[in-house]
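Read the structure below first, then the notes.
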Amino acid sequence: MCLLCNAADKSRDHLFQDCSFSFDVWSLLAGRLRFQPLRSWEGTLTQMINLPRGKPLTLLSLLAWQAMIYWRMNETLGYTPIRFAQWT
Ligand SMILES: [Zn+2]
C-alpha cells in the first residue's frame, strides 16, 4: 500500500506519477520548469526524452524528475537520510 495516500497498491505507475501526493509535487515542479505534468510513467518518460537538448530548463527538468524518483524510492523503501546515516 502506498505510504503517502494509503489508497492504492505500490506500483511504478502509482508511486511515480499517479499518486495524488507525488503528482502535486511533480505539478509544482513542472509549473516552475514550464512543461505540462503527465499522470503516466510512459508519457513522462517520453516527455523527458523529447525535451529540447542543450537548454538549461531541460537539464533542470531532468534533475527534478530524477529527484522525484529518488524521493519516492526512498519513501517507498523506508530509506531516510537518518537511516542512511545510521548504516554508515
Ligand atoms: Zn499514493
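Against the numbered list (1) assigned to a helix (DSSP H, G or I); (2) in contact with a Leu (Cβ under 8 Å, 6 or more places away or on another chain); (3) among the aliphatic types (A, V, I, L, M), L45 comes up short only at (2). Of all residues in the stretch 1-26, those that are among the hydroxyl-bearing types (S, T, Y) and within 10 Å of the chain's Cα centre (by Cα) total 1. The residue of the stretch 46-58 that is nearest to S11 (Cα to Cα), among those that are in contact with a helix residue (DSSP H, G or I) (Cβ under 9 Å, 6 or more places away or on another chain) and of a type in the set (A, V, I, L, M, F, W, C), is M48. Exactly one residue out of L38, L29, L15 is more than 12 Å from the ligand (Cβ to nearest atom), surrounded by 14 or more Cβ atoms within 10 Å (Cβ to Cβ) and either part of a helix (DSSP H, G or I) or polar (S, T, N, Q) (or both): that is L29. Annotation note: Cβ proximity below 8 Å between a residue of the stretch 8-32 that is over 25 Å from L59 (Cβ atoms) and a residue that is more than 9 Å from the ligand (Cβ to nearest atom) and not basic (K, R) (sequence gap 6+ or interchain) occurs for K10/T76; D13/S40; D13/W41; D18/S40. Is it the case that R53 is among the basic types (K, R) and either within 16 Å of the ligand (Cβ to nearest atom) or in contact (Cβ under 8 Å) with a residue 24 or more places away in the chain (or both)? It is false that R53 is among the basic types (K, R) and either within 16 Å of the ligand (Cβ to nearest atom) or in contact (Cβ under 8 Å) with a residue 24 or more places away in the chain (or both).
Only the coordinates and a few stated rules stand behind these numbers; no lab work does. The shown structure was predicted, so the numbers you read here are calculated from the model rather than taken from an experiment. Neighbour counts run over all protein chains shown; Cβ positions are idealised from the backbone, glycine included.
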